[in-house]
Amino acid sequence: MSEPPTHVWDGPTRLFHWALASLVLVAWLTAGEQMNLHRGAGYAILGLLAFRVWWGFAGGSTARFSQFVRGPSAIRAYLSASRQGQAPEHAGHNPLGALSVIALLGSVALQAGLGLFAIDSDGFEGGPLSDRIDFDLARQIAKWHELSFRLIQALVVLHLAAILYHVFRKREDLLRPMVTGVRRFSGPVQGLVRVPLWRLAVGVGIGLAVALAASRGFKLG
Amino acid sequence: MTSSRRLLSAAVCAAALALAGGAALAAVNAKAVIETRESNFKSMGKAMKAMNEGLKAEAPDMAAIAANASTIRGFAPKISTWFPKGTGPEAGVKTEAKAEIWTDPAGFAAAASRLEPEITKLETLARAGDVAGARAQFRVVGGTCKGCHDKFRED
């Protein structure tokens, strides 16, 4: 490998990734027990997701959805090239990995969304929007909230398995770049194109506003 | 067949039918018992939710709080009667009651009996219009629900 390291992931994207993973873990461990912490993790997750959506449209190039969400024909092309060991080197998510990104973001969003309305069997610990619906519906949503976590678990296992496959079978450096932001490619690769800092400020503002609003049950008064 | 053999086989048939019928009846009864107690617990859960939300208001409607507390107080002393033998996980009917209810009857009776004095206290505080007191006591009531459920109800 003779090329200097290429910048792949910007700071906000990396921070988002590890913060989300940590908060999902916290939410999992506190479920049903330390409910204040559980709800807090949920609000933070909603804020992070809101930031990520903004960043996916306005952030660094490799974080943009338009960059990696490419559609079925791109996925097919990537897979057949990959099978022949000819997938071109690329900074950012490949078209197949894009599905994983969307699925993980979507399933975590669903989980947090359901949690807003859920209540426990004692009618004692409820999400901030559980007061807008009746007990029976909130209980039903609580059951879906438990079920949809199984989906997240399955997707996380798949995500980890895919990373391990890429790292050990295909000898692609994937873990370190998500920490340091840089990766060594064997040839020249179009690297990350950053965006001005004000866009990060806007994103952080959006995230904080969403997290705060969620914690208040989206009530304005 | 001789008449004594006929009598014996008739008696065996009757006994078998009685046993099968008894088992079927017990299964039907378990289902009814389980459904009734689940409905009662849901009523208590609804009342808890209503009080939780009511107490969050700036100026809670204490009459409504008292009424919900009264609903729960009606059920509280009867809880331990809702779990006759044969209505646990072995009944073959879906239930969230854990086997511990019947293997640790003293523990279950103690946990179940903690609700009545606490919900009575809450109702009294609500009728007296003591908002701060009711808010604090509501959390105590929630704790007694959890205390029993942590040990005796499936997650």
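Read-outs throughout are calculated quantities, based only on the coordinates presented, and are distinct from any laboratory measurement. Everything numeric in this text was worked out from a predicted model, so none of it was measured. Using ideal geometry, Cβ is built from the backbone for each residue, glycine included, and neighbour counts are taken over all protein chains shown.
Okay, here's what the table says:
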| item | result |
| --- | --- |
| Residue pairs, from the table B:K56/B:K98; B:K121/B:K151; A:K219/B:K98; A:K143/B:K56, whose Cα atoms sit over 31 Å apart | B:K56/B:K98; A:K219/B:K98 |
| Cα long-axis angle, helix B:115-127 against chain B (0 to 90 degrees, to the nearest 10) | 30 |
| Separation between Cα centres of the stretch B:27-61 and the stretch A:18-41, rounded to whole Å | 27 |
| Sequence-distant residues sharing a close amide H with A:E172 (under 5 Å, placed H) | A:V167 |
| For the stretch B:1-85, fraction of C-alpha pairs farther apart than 19 Å, in % | 62 |
| Selected from B:E118, B:E53, B:E38 as most flexible by GNM, with chain B as the system and alpha-carbon contacts under 10 Å | B:E53 |
| At q = 0.16, 0.21 Å⁻¹, base-10 log of I(q)/I(0) for the stretch B:3-152 (Debye sum, equal scatterers on each alpha carbon) | -0.87, -1.20 |
| The stretch A:21-77 shape via C-alpha gyration tensor axes, a/c threshold 1.5 | prolate |
| Spherically averaged projected area of chain A from its Cα convex hull (nm²) | 13.6 |
| Efficiency of FRET between B:D155 and B:K78 - r from beta-carbon atoms, R0 30 angstrom, step 0.05 | 0.75 |
| Average projection area in nm² (convex hull over Cα atoms of the protein assembly as shown, one quarter of hull surface) | 30.2 |
| Listed residues A:A58, A:A201, A:A27, most fluctuating in chain A (Gaussian network, C-alpha, under 10 Å) | A:A201 |
| Built amide H within the under 5 Å cut-off of A:E3, gap 5+ | none |
| For chain A, built as a Gaussian network whose Cα springs stay under 10 Å, the top-fluctuating residue of A:H93, A:H145, A:H166 | A:H166 |
| On Cα atoms only, tilt of B:3-56 relative to the major axis of chain B in degrees | 10 |
| Neighbour-limited loop hits for trypsin sites (Lys or Arg not before Pro), the stretch A:161-190 (at most 12 other Cβ within 10 Å; DSSP other than H, G, I, E, B) | A:K170, A:R171 |
| Computed over the stretch A:82-194, the ratio Rg/Rh where both radii use C-alpha atoms and Rh is Kirkwood | 1.18 |
| Pairwise centroid distance, computed over Cα atoms, of the stretch A:109-149 with the stretch B:75-133, Å | 23 |
| Computed lengthening from A:F218 to A:Q34, 0.36 nm per intervening residue step minus Cα-Cα distance | 64.0 nm |
| Length added when fully stretched, A:A77-A:R150, from 0.36 nm per residue minus Cα-Cα | 23.2 nm |
| For A:D10, distant residues with modelled amide H under 5 Å away | none |
